[in-house]
Amino acid sequence: MASLQDIMNVLATKYDRWGGEISGSVSIRGSLSVDGAVVPSGRAFGTTFTDYAEYFERGEDTEHGDIIMLNIYSEKEEYVKAVKDAGPVVGVHNDDFAMIIGAKKEFVEHPDMVELNKKVLIPIALKGRTMVKVKGKVSLGDIIVASKEPGIGEVDNECTDRYKYVGKAITSSDEEEVKLIKILIR
């Protein structure tokens with residue numbers, strides 16, 4: 001395993017465009033900031049989370065599993081809990097994202113960057129697998145859309161409108177009450 005000094009030596013090297021090479025594994029505990037490009041040449045492993053997310057402007061308090069839509073009634077861009085037929089569904093609030101893009105510039109170098117961003121932005125899952133709040137029975141493969149209850153989904157296997165469609169259930173539940181189920185987000 002390369003030491004921190006090995007890494008610093010490589011980063012300080014000016015003899016070529018890439019700055020040299022480190023052989024073997026490197027382990028970093030804590031945050032890593034890179035001023036420039038990161039160009040992977042292999043695969044990334046080790047994450048247990050399964051979706052791609054983006055921070056969106058918060059219009060109201062939301063929580064993990066809420067279905068989120070663009071608030072078309074606002075003068076500014078903001079996102080709120082989705083309600084059936086009230087606006088385009090964007091995705092699902094997810095605090096367990098595997099990868100997230102976007103952030104408030106003033107928080108980028110702060111040690112509590114994620115928590116600070118979540119106060120003013122909503123981390124919304126856009127692709128992959130995520131947990132969503134749903135009311136009523138759900139079977140594997142059911143189409144989930146926003147219901148009349150803010151942020152809560154329901155089954156509608158007739159839906160073909162991509163602005164209403166949240167995703168397809170990849171877990172089942174016979175519970176009638178609101179619960180979290182896993183979906184493959186559209």
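The values are calculated or read from the model by the stated rules, or taken from the named source; none is laboratory data. This structure is a prediction, so every number in the text was calculated from the model and none was measured. Please note: Cβ atoms are built from the backbone with ideal geometry, for glycine as well, and neighbour counts cover all protein chains shown. Keep in mind that these areas ignore ligands, DNA and RNA; they rest on the heavy atoms of the full protein, side chains included. Shrake-Rupley method; radii C 1.70, N 1.55, O 1.52, S 1.80 Å.
Confirm whether T160 is open to solvent by 80 Å² or more (accessible area, probe 1.4 Å), among the polar types (S, T, N, Q) and either without any contact (Cβ under 8 Å) to a residue 60 or more places away in the chain or touching an Asp or Glu at 6+ places or on another chain (Cβ under 7 Å) (or both).
So T160 passes the test.
Within segment 135-145, does at least one residue satisfy the condition of being of a type in the set (S, T, Y), in a loop (DSSP other than H, G, I, E, B) and open to solvent by less than 80 Å² (accessible area, probe 1.4 Å)?
Yes, the conditions are met somewhere in segment 135-145.
In segment 122-165, what residues are of a type in the set (S, T, N, Q) and over 22 Å from the mean Cα position of the chain (by Cα)?
Passing the criteria: S139, N157, T160.
Hey, any hits in segment 109-130 for a residue that's more than 21 Å from D51 (Cα to Cα), in contact (Cβ under 8 Å) with a residue 40 or more places away in the chain and open to solvent by less than 20 Å² (accessible area, probe 1.4 Å)?
No: segment 109-130 contains no residue that is more than 21 Å from D51 (Cα to Cα), in contact (Cβ under 8 Å) with a residue 40 or more places away in the chain and open to solvent by less than 20 Å² (accessible area, probe 1.4 Å).
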